Every structure is written in C-alpha cells, then in structure tokens.
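Asker: Below is one structure. I have some questions about it.
Please treat every number below as a calculation from the coordinates, not as lab data. Since this is a predicted model, take the numbers as computed values, not measurements. Glycine also receives a Cβ, built like all others from the backbone with ideal geometry; neighbour counts cover every protein chain displayed.
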Amino acid sequence: MTPRAFLPLAIAVALGLGATSTFAETYDKRGRVIIIEQHGADRQDRRQDRRNDRREDRMDNRRERAQIRAERHDDRRNDRSSRRDDRRESRYDRRDHRHPGVHYYYNARGPEFVRGHYLPRDLRIPQYVVVNPRHHHLSPPPRGHHWVQVGGDYVLVAIATGIIANIIFNH
C-alpha cells in the first residue's frame with residue numbers, strides 16, 4: 001500500500017468511520033483527501049427513524065388523551081353521585097327561606113312545627129289532609145284552611161300559602 005492510499009484509510013479509522021459505508025473519500029485539486037457524506041441510504045434511514053419517532057409520539061399522545069378522557073368521565077360520574085348525595089341530605093335539612101333560623105328536622109315523632117311558619121312541602125299532599133275533622137274531635141277549619149295530621153299531631157294550615165295557623169299536639 002502506498003502512503004497516499006493509506007492516509008485516507010487511517011483518517012477514516014481514526015474517526016470511527018471504517019465500518020460506515022455512508023462516507024466516501026475523494027481528492028481535492030491539491031491532492032488532499034476529502035471525506036464526503038453520502039446522502040442516499042443514510043438520509044433514508046434518518047427519515048425513517050424520524051417517522052417512527054413521530055408515530056410513537058402520536059401513539060403516546062393518543063394514549064394520554066384517552067387516559068385523560070377516562071379520568072374526566074370518572075370525575076363526572078363521582079360529581080353526579082356526590083350531588084345526588086347532597087340532594088338526599090338536603091331533603092332532611094329543611095330550612096324556611098322566609099324565616100331563617102327556623103330549622104325543620106325530623107325526630108322520632110316527626111317534624112317540629114312553629115306557628116306562623118310554613119308547613120314542609122312534603123306534608124302538603126292530600127294524604128295528610130284530614131277529611132272529616134269532627135271524626136278526629138277537631139273544630140271545623142275556617143275558610144281557606146284545612147287540618148293536616150302528622151302522626152298524633154294536628155296542624156291547621158292555610159291552603160294557599162301553607163302557613164301554620166294552629167297546632168294541636170298529641171290529640
């Protein structure tokens with residue numbers, strides 16, 4: 001081997017390019033060796049690698065978005081059930097908006113009634129209305145009122161507004 005042919009080989013080995021077939025060597029006008037990168041197969045390999053990386057990134061993004069959607073769905077489901085629980089609790093937490101501080105609650109006997117306040121809406125249905133007050137030893141109600149029976153208690157209520165006019169306990 002001539003020293004002139006040996007020099008490019010030594011440079012290629014020194015640079016670690018001996019096993020790579022994507023580089024070529026040539027000589028310039030003065031006879032010096034120039035190493036040129038070939039743009040054929042190596043460029044295609046790099047393109048394919050970039051394409052694969054983009055595909056993997058897209059798949060990762062899709063998986064992340066699907067996971068976020070699933071978490072949001074679970075959060076909505078939990079919110080709905082907690083709102084449902086809140087509504088259940090609020091049924092037992094009857095507060096009259098026109099008379100703050102009055103709290104209707106149900107104890108063993110039933111709700112506590114206060115004259116001048118409103119009868120809870122749950123008790124304004126025909127099931128609780130006393131049809132024959134004489135049979136229950138009650139006075140006939142004035143016009144626009146009716147008696148409502150809750151357990152052993154009787155409440156005289158204005159039909160239109162639901163305001164309690166009179167209360168008879170344990171009659």
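Asker: Could you order the peptides 152-160, 44-52 from most to least packed, using the average number of other C-beta atoms within 10 Å per residue?
Answerer: Details: 152-160: 17.4, 44-52: 10.2.
With the highest mean Cβ count within 10 Å placed first, the list reads 152-160, 44-52.
Asker: Per residue of region 118-125, what does 6.51 cos²θ - 1.76 cosθ + 1.60 with θ = phi - 60° give for ³J(HN,Hα)? Whole Hz please, x for Gly and Pro, Karplus curve as stated.
Answerer: Listing the rounded values in order: 8, 6, x, 4, 4, 9, 8, 8 Hz.
Asker: Okay, next question. Run the simple label-point estimate for HIS117 and ARG50 please: 7 Å along Cα→C-beta, distance reported in nm.
Answerer: Here the modelled spin labels are 7.6 nm apart.
Asker: Something else now. Where does each of 134-140, 163-169 land if you order them by average Cβ count within 10 Å, highest first? Intermediate values should be presented prior to the final figure.
Answerer: Numbers: 134-140: 10.9, 163-169: 15.1.
So the peptides 134-140, 163-169, ranked by packing, come out 163-169, 134-140.
Asker: Something else about it: Kindly rank 141-150, 120-129 from highest to lowest mean number of other beta carbons found within 10 Å of each residue.
Answerer: Working: 141-150: 15.8, 120-129: 12.9.
Ranking, from highest mean packing down: 141-150, 120-129.
Asker: Further question on the same structure: Report, by chain and number, residues whose modeled amide H sits under 5 Å from the one on ASP153, excluding near sequence neighbours (fewer than 5 apart, same chain).
Answerer: ASN170
Asker: Oh, and also: Given H placed on each backbone N at 1.01 Å, which residues far from ASN166 in sequence or on other chains put an amide H within less than 5 Å of it?
Answerer: LEU156
Asker: If amide H atoms are built 1.01 Å from N in the plane of the peptide, which residues on other chains or at least 5 residues away come under 5 Å of the amide H of LEU138?
Answerer: none
Asker: Could you give each residue of region 154-160 its phi-based ³J(HN,Hα) in whole Hz, using Karplus coefficients 6.51, -1.76, 1.60 with θ = phi - 60°, and x for Gly or Pro?
Answerer: In residue order, the calculated couplings are 10, 10, 8, 10, 5, 5, 6 Hz.
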